[in-house]
1. Based on this model, can you work out whether residue 32 counts as modelled with pLDDT under 85 and surrounded by 10 or more Cβ atoms within 10 Å (Cβ to Cβ)?
2. Can you run down the residue pairs with Cβ atoms below 8 Å, 6 or more apart or on separate chains, where the first is in the stretch 38-55 and more than 21 Å from residue 72 (Cβ to Cβ) and free of Cβ contacts under 8 Å to residues at least 24 places away in the same chain and the partner is more than 10 Å from the ligand (Cβ to nearest atom) and in a helix (DSSP H, G or I)?
3. Can you report the number of residues in the stretch 37-52 which are out of contact with any strand residue (DSSP E or B) (no Cβ under 7 Å at 6 or more places or on another chain) and more than 10 Å from residue 64 (Cβ to Cβ)?
4. From 26, 61, grab the single residue that is exposed (fewer than 13 other Cβ atoms within 10 Å of the Cβ), modelled with pLDDT under 90 and out of contact with any strand residue (DSSP E or B) (no Cβ under 9 Å at 6 or more places or on another chain).
5. State which residue pairs qualify: first residue away from the ligand (no atom under 11 Å from the Cβ) and inside the stretch 57-77, second residue in a helix (DSSP H, G or I) in any location, beta carbons under 6 Å apart, and separation of 6 or more residues or different chains.
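The values are calculated or read from the model by the stated rules, or taken from the named source; none is laboratory data. Nothing here was measured: the structure is a model prediction, and the numbers come from that model. Positions of Cβ are backbone-derived with ideal geometry, glycine not excepted, and every protein chain shown enters the neighbour counts.
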Ligand SMILES: [Zn+2]
């Protein structure tokens, strides 16, 4: 008798688990971190620090980690 009760409980639990899986399966938060990982890391022409391309500054066909380094590098070459 106890085995039948356990079996019934398992079936009910399994059905409940299937329903729960169907309702929560649609919204998977997998795409959030992918874009950051795939972004190219580019070295700064002034200090050599690797920075994601979207965060850096482009000046005179070169890449810099920040506007300050872009200014410093172009100023040094002007003189
Ligand atoms: Zn830099």
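1. Criteria not met by residue 32.
2. Partner pairs satisfying both residue conditions: none exist.
3. The qualifying residues number 4.
4. On the way: 61 fails: modelled with pLDDT under 90.
26 is the lone residue from the list that is exposed (fewer than 13 other Cβ atoms within 10 Å of the Cβ), modelled with pLDDT under 90 and out of contact with any strand residue (DSSP E or B) (no Cβ under 9 Å at 6 or more places or on another chain).
5. Final answer for the pair search is 59/70.
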